Amino acid sequence: MQKRRKYIFVTGGVMSGVGKGVATASIGALLKARGFCVTAVKIDPYVNVDPGTMNPVEHGEVFVTGDGQETDQDLGNYERFLNTDLHAVNYMTTGSVYLSVIQRERAMGYGGKTVEVVPHIPLEVIRRIKKAGAEADADVVLVEVGGTVGEYQNILFLEACRMLRLEHPKDVMTVLVSYLPVPGALGEMKSKPTQYACRSLNSVGIQPDMIICRSTHAVDAVRKRKLSMNCSVDERDVISAPDASSIYEVPLHFRSEHVSERIIAKLGLPKRPIKLKAWTDLRDRMMKPTKPVRIGIVGKYFSTGDFTLSDAYLSVIEAIKHAAWAIGRKPEIEWLNSEAYEQDPELMKKQLGNVDGVLIPGGFGTRGVEGKILAIRYVREHKIPFLGICYGMQLAVAELARTKLHWKDAASTEFMPKTKHPVIHLMNEQEERMKNKDYGGSMRLGNYPCRLAPKTKARALYGAGEIVERHRHRYEFNPLYRHELESAGLVISGESPDGSLAEIIELENHPFFVASQFHPELTSRPFKPNPLFLGFVKAAAKG
């Protein structure tokens, strides 16, 4: 007998960036804590096929799944909250959906029929949602629709919600996550924007079953009654969701608002006890620490106008938090701009001397590179714990070659194509792709095995001889320089099983100097920190 699968669509109202992804992940966490098998799908309304070619300052982090799909950062939160791996099937964009329909039409997949935006685009969306549910054998499929209601860009995804609900009226519900502002001049929480968002959702044929009210403050009974009356939603289904000090508090807050009980009642799911000990233990670990561990992130994807954008490094930030909480420390993150270091070395010395550990994350391009190399030299010479990720590893190799081997032009061919010492170079299989300008989804992406050398920090941290981690890069350590760099003190502690690719490097006689070509932040979870981050933060906490 085929499983009667349930679907929960999560839409946004008023404005973006208020936590729709965290709300989706938290609902999933609660349902999973009740013993249901849950998976989640993110739909992004832009025409890009995936976010892999987008500027991080504009879009934020690109999260990579184990099977190599470049996705939105919300997939990272889904994995962390559900404590499970998601896949390419859990993500779609307007561009990818249209591309699938067009390719199917070109292959006569529609049998010569006229292919139209409606119904064929929403039907493709529904097909993908059902496929994600089937592959996970899920009881519940959460579907987050990007953007906000009333936008032209996501109207076809809302149409898919309407059509699926028409097909399965008892198995589909819709949650509206909307913002209730408290204008400073008025000092009163205003519900009208959310009422308008609800009307906009009604205008495309959808009535929300639940409204999650995001705000700086808790939503009071007066506002709940007003929204209930004006939006035709049971007052019990108007959920207060004030700002939290950590996103990991949200599932427990939703529990106090009886969110999962209301969902179970609406979808006719069996009643089961809820087991939240893992979440309460995590909350206790988060609340107890008083002594901080200060981690400096040296990057360049920070500024957007007059504001600081941390989303470009979202998984890195979360991985630092996971590790700090695991050892009973309070994580404090300092944003350090590598471009400023190129102009003011004294600023660099002051800032790096004021943190317990330094992390250089992944990135692309030439901007800020020399500042990062200066920072790496400083932390190496001053014995400050260091973790390099992807580009951070590549620059660590370049710094060692410049300083120890006196190759002043040692670099990656990405930012110095004419260098005489290309210690980092383009991977062989990437050369043809770059000539053809094949940029989308063509990097080395997803899970690859890594063999760890005995008697190294990496081997001790992972406690295994072979691991699997996720990658996203085009450039690699140049094996032609391996012998000379090893003679200068470089330890290659992790490599591909065939020995052709260097995956982890480290230095001896240093409290902690480790860098990986892969992205360990992508597999860190609040209940199980990634070993490299845990080792790094432990070393920083000893400083």
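The values are calculated or read from the model by the stated rules, or taken from the named source; none is laboratory data. Everything numeric here is computed off the predicted structure, so don't read it as measured data. Note: ideal-geometry Cβ built from the backbone for every residue, glycine included; neighbour counts use all protein chains shown.
Yes or no, residue by residue, for (1) within 28 Å of the chain's Cα centre (by Cα); (2) modelled with pLDDT of 95 or more; (3) of a type in the set (V, I, T); (4) under 17 Å from L31 (Cα atoms):
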site: Q207; (1), (2), (3), (4): no, yes, no, no
site: C231; (1), (2), (3), (4): no, yes, no, no
site: E235; (1), (2), (3), (4): no, yes, no, no
site: S240; (1), (2), (3), (4): yes, yes, no, no
site: I263; (1), (2), (3), (4): yes, yes, yes, yes
site: P270; (1), (2), (3), (4): no, yes, no, yes
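In the stretch 267-303, what count of residues is obtained for those that are of a type in the set (F, W, Y) and more than 17 Å from F527 (Cβ to Cβ)?
Total meeting the criteria: 2.
Which of the residues spanning the stretch 369-406 are touching a helix residue (DSSP H, G or I) at 6+ places or on another chain (Cβ under 7 Å), crowded, with 20+ Cβ neighbours inside 10 Å and part of a loop (DSSP other than H, G, I, E, B)?
Matches in the stretch 369-406: I384, P385.
Pull up the stretch 461-480, narrow it to residues that are outside any strand (DSSP E or B) and in contact (Cβ under 8 Å) with a residue 40 or more places away in the chain, then point me to the one that is surrounded by the fewest Cβ atoms within 10 Å (Cβ to Cβ).
The residue in question is G463.
How many residues are without any contact (Cβ under 8 Å) to a residue 40 or more places away in the chain, out of contact with any Asp or Glu (no Cβ under 7 Å at 6 or more places or on another chain) and not β-branched (V, I, T) if we restrict to the stretch 204-230?
11
Determine, yes or no, whether V64 is more than 13 Å from the chain's Cα centre (by Cα) and either farther than 18 Å from T11 by Cα or surrounded by fewer than 20 Cβ atoms within 10 Å (Cβ to Cβ) (or both).
Considered against the rule, which asks whether it is more than 13 Å from the chain's Cα centre (by Cα) and either farther than 18 Å from T11 by Cα or surrounded by fewer than 20 Cβ atoms within 10 Å (Cβ to Cβ) (or both), V64 comes out as no.
What number of residues within the stretch 232-271 are under 17 Å from L82 (Cα atoms) and surrounded by fewer than 19 Cβ atoms within 10 Å (Cβ to Cβ)?
Within the stretch 232-271, residues that are under 17 Å from L82 (Cα atoms) and surrounded by fewer than 19 Cβ atoms within 10 Å (Cβ to Cβ) number 4.
For G535, indicate whether it is closer than 25 Å to V358 by Cβ, surrounded by 24 or more Cβ atoms within 10 Å (Cβ to Cβ) and of a type outside the set (A, V, I, L, M).
So G535 does not fit the description; no.
Sort through T419, T456 and tell me the only one that's free of Cβ contacts under 8 Å to residues at least 24 places away in the same chain and buried (at least 18 other Cβ atoms within 10 Å of the Cβ).
T419
Among the residues of the stretch 32-39, is there at least one that is modelled with pLDDT of 95 or more and surrounded by 24 or more Cβ atoms within 10 Å (Cβ to Cβ)?
Yes, the stretch 32-39 contains a residue that is modelled with pLDDT of 95 or more and surrounded by 24 or more Cβ atoms within 10 Å (Cβ to Cβ).
Looking at R162, is it assigned to a strand (DSSP E or B) and in contact with a helix residue (DSSP H, G or I) (Cβ under 9 Å, 6 or more places away or on another chain)?
no
Give the number of residues within the stretch 87-146 that are in contact (Cβ under 8 Å) with a residue 60 or more places away in the chain and either in a loop (DSSP other than H, G, I, E, B) or farther than 26 Å from T24 by Cβ (or both).
4
Say whether the condition of being part of a strand (DSSP E or B) and either over 26 Å from the mean Cα position of the chain (by Cα) or more than 17 Å from V514 (Cβ to Cβ) (or both) is met by at least one residue in the stretch 427-440.
No: zero hits.
Here are the criteria: (1) within 29 Å of K349 (Cβ to Cβ); (2) part of a helix (DSSP H, G or I). Tell me which single one I297 does not satisfy.
Going through the list (1) within 29 Å of K349 (Cβ to Cβ); (2) part of a helix (DSSP H, G or I), I297 breaks only (2).
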